[in-house]
Amino acid sequence: MKLAILSESPADEAAVQVLVEAVLRQPVAVVKPSLRARGWPSVAQVLPSVIRHLHFNTDADGLVVVVDADDSVLHTPPHDAPGYYHPRCRMCQLRGIFRKTTKNLPPAHGRTRLLRGVGIAVPALEAWYLCGRDERVTEAAWAAGQHRGVMPYTRKELKNRVYGTDRPTLAHETEVALAEVRRHRHDTRRLEYDFPGFAALASDLRSWKESLTSIASSSK
Ligand SMILES: [Zn+2]
């Protein structure tokens, strides 16, 4: 399987690749996206061009996008209702960009559309890196904090917990991120349970296998 990964830093992209392979249970070939993004809203801004570039200029099967939620509105099951779209939810926003950008693209490189994988790390990828190490850090804990108006932890505290500093070098950040996600490489269930924003990505990825199998069998 060939795919591109768009996230907020090269360290994030390396870690996301490990998680994608863990869900798909196979190694993947990574196509570099045409543009780099740094944080939100940069990812949302470059996404349409990245989708079009991958669709027309590469034979990538899909694109995985993972961003931090920061203080945005969290995606909840009611958002999944057909036609619903929450303008301040990053999951809804990114899915909306995928939908709008891929809708009228003509087929290219033997495929009708680029497959979509979207994950939102609540409140940031460092929370995923602490999964299984600190039981207080979950998407539900963050959602409860938003509800009460008292956050259980800050993003800076998460960074300190993960890297031992809130300003890690890229090399240190990458090394630590990879070590943490590799703990889940044989079983992603805990991460899916604690972080619905990761479970949504896992569900997108599992649907890829079905799409790719059906394309392969229909072209025989
Ligand atoms: Zn949403």
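The values are calculated or read from the model by the stated rules, or taken from the named source; none is laboratory data. Since this is a predicted model, take the numbers as computed values, not measurements. Cβ placement follows ideal geometry from the backbone for every residue including glycine, while neighbour counts extend to all protein chains displayed. Ligands, DNA and RNA are stripped out before the accessible areas are found, and what is left, the full protein with its side chains, is counted by its heavy atoms. Shrake-Rupley method; radii C 1.70, N 1.55, O 1.52, S 1.80 Å.
Quick one: which residue in A179, A171, A140 is among the aliphatic types (A, V, I, L, M), free of Cβ contacts under 8 Å to residues at least 60 places away in the same chain and closer than 18 Å to V122 by Cα? Matching residue, one of A179, A171, A140: A140.
Looking at region 60-68, can you tell me whether even one residue there is surrounded by fewer than 21 Cβ atoms within 10 Å (Cβ to Cβ) and either within 21 Å of G197 (Cα to Cα) or not acidic (D, E) (or both)? The answer is no, given that none of the residues of region 60-68 is surrounded by fewer than 21 Cβ atoms within 10 Å (Cβ to Cβ) and either within 21 Å of G197 (Cα to Cα) or not acidic (D, E) (or both).
Checked against (1) more than 15 Å from the ligand (Cβ to nearest atom); (2) open to solvent by 30 Å² or more (accessible area, probe 1.4 Å), V73 passes all but condition (1). Could you list, in sequence order, all residues of region 80-92 that are open to solvent by 20 Å² or more (accessible area, probe 1.4 Å) and in a helix (DSSP H, G or I)? Matches in region 80-92: D80, R90. Can you pull out every residue in region 77-100 that is without any contact (Cβ under 8 Å) to a residue 12 or more places away in the chain and within 9 Å of the ligand (Cβ to nearest atom)? Within region 77-100, P78, D80, Y84, Y85 qualify. Within region 9-25, the presence of at least one residue that is within 28 Å of E173 (Cα to Cα), without any contact (Cβ under 8 Å) to a residue 60 or more places away in the chain, surrounded by fewer than 18 Cβ atoms within 10 Å (Cβ to Cβ) and more than 16 Å from the ligand (Cβ to nearest atom) is confirmed.
Can you find a residue in region 58-73 that is within 22 Å of L158 (Cβ to Cβ) and in contact with a Cys (Cβ under 7 Å, 6 or more places away or on another chain)? Yes; the residues of region 58-73 include at least one that is within 22 Å of L158 (Cβ to Cβ) and in contact with a Cys (Cβ under 7 Å, 6 or more places away or on another chain).
Answer with yes or no whether V67 is away from the ligand (no atom under 12 Å from the Cβ), touching a strand residue (DSSP E or B) at 6+ places or on another chain (Cβ under 8 Å) and in a strand (DSSP E or B). Taking the combined requirement at face value, the residue satisfies it.
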